[in-house]
Structure formats: C-alpha cells, structure tokens
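To start, the structure under review is shown below, and the notes come after it.
The values are calculated or read from the model by the stated rules, or taken from the named source; none is laboratory data. These numbers come from a predicted model, not from an experiment. Note: ideal-geometry Cβ built from the backbone for every residue, glycine included; neighbour counts use all protein chains shown. The area values use the complete protein model at the heavy-atom level, side chains included, leaving out ligands, DNA and RNA. Shrake-Rupley method; radii C 1.70, N 1.55, O 1.52, S 1.80 Å.
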Amino acid sequence: MINGVYRALPSALALALAILASLVVMLQPAAASPYLDYATRLTQSPPDGAQYRPDLEEELAGLANAYRSQKGKPPLQASDDFLIAARAHAADMMLNDFVGHRASTGHSFDSRMRVFVGDITRYPSLGENAARDTQKTPVDSRKARALFQQWVKSSSHAKALRRIDYAFVSTGVIQRGDSIWAVQIFWSPPRQKGIFQ
C-alpha cells in the first residue's frame, strides 16, 4: 500500500504542476501579447478607407440604455476602458470579412480581454455583441439603429443587452464606404483582486 501511495505522488505532482502552469499563462501580463500590438496598431491608424465613428458609438450606447430602460434594467455607464478592444475587434471583422467573437488571429473573446486587463477573473461578468450592416444606406443614426435591431432580434445578443449585472459598456464602430461594423463590450464592476490572488 505504501508503494502505491508513492507511485501516485508523481502523477499528483505532475497534475499540480500542469494546473500551476495553466494559471501562470492565464495571469500573464498584457504587455507581452502580440494581439495587444495588433489591436493597438488597428486603433491608432484605421485601415485604408476606414474611419472610426465616435458619433455612432455614442448612438449605440444610447440605444443600449433605451432598450435596457424598456426592460426595467439600470443604465450602463459608457466607458473607454475597453474602447481599444471594441474598436480593434470591429476593425478586425471589417478587414477579414467576418462577424464573430474569435479574432482573425485565433484569439477568443476571453483571450482578447485578457491582453487588456491581465487577470480577467477580476471581472465577475464580461460579454460582447458584434454585428455589421452592409446595406447600401447612408451611414447615419438610422443605420446604427438598424444594426442595433440585429442584436435585439437575436435572443443571445438581446440577453447580453438585458443582463442585470452589467454596469459598463465600451462601443467601437468602424465605417468603410456605406458599411459599418460594431462591437459592444459589457462588464460588471471589477473586484479588487482576481479569484486566484
């Protein structure tokens, strides 16, 4: 029996080391990320023929709050905390002709957020809505409302808009021609420390 315990120790130790290594990778500082460099470049210099639209970002944040008010939810505070993340993902979707939550670089939503804040476990709730409107219509508040309706008509996106624990939103909108791509990132108030600290 003693020999069995000793044989199990190397396996248990290997498992513990694997878990520890995973946590170290998960809590890595944001500065070491190629994705952060990519996102920063996209937001500092929009791709050719494209421009960020702060007016439509504000419009979409207002539409989110109007929708939440209709559903009896408290308003979201517009914040620039994830503005680079939202704009970069909108630009990535535009450049690579997709809509989704996994970047063209292969980064999932969680891994993208991690490069901006380090330990994402500080945030009890984080979420994202993404969409595009490529209709041949003027790029104005009507187009922003049409894009927003895509989220309202999608059960999973509407659910994100209604989440009671979200308190903040960062919105990124990029335009090229008569098309727009938009991303809203929602989050709850962060904890002082992550769950592993």
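Figures for the structure shown
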| read-out | value |
| --- | --- |
| SER108 versus ASP80: modelled label distance in nm, points set 7 Å from Cα along the beta carbon direction | 3.1 nm |
| For the stretch 58-64, Karplus couplings with θ = phi - 60° (6.51, -1.76, 1.60), whole Hz, Gly/Pro x | 5, 4, 5, 5, x, 5, 4 |
| With every protein chain in place, the stretch 97-197: carbon and sulfur % of accessible area (1.4 Å) | 49 percent |
| Proximal aspartates and glutamates to LYS159, defined as alpha-carbon separation beneath 15 angstrom and excluding residues fewer than eight positions away on the same chain | GLU128 |
| Anisotropy class of the stretch 56-197 from Cα gyration tensor, a/c 1.5 cut | oblate |
| If the convex hull is drawn through the Cα atoms of the stretch 52-140, its volume per residue in Å³ | 120 Å³ |
| Relative contact order of the stretch 39-171, defined on C-alpha pairs under 8 angstrom at six or more residues apart (%) | 39 percent |
| Candidate aspartates and glutamates for bridging to LYS193, where Cα separation is under 13 Å - those fewer than 8 sequence places away on the same chain excluded | ASP119 |
| Lysines whose Cα lies under 22 Å from that of LYS153, excluding same-chain neighbours fewer than 8 positions away | LYS71, LYS73, LYS136, LYS143 |
| Tail beyond 10 Å, pair distance distribution of the stretch 48-87 (Cα, percent) | 74 percent |
| Inter-label distance, nm, simple model (7 Å from Cα along the C-beta direction), ARG191/ASN96 | 3.1 nm |
| Low-density loop positions, chymotrypsin sites (Phe, Trp or Tyr not before Pro), the stretch 143-197 - DSSP coil, at most 16 other Cβ in 10 Å | PHE196 |
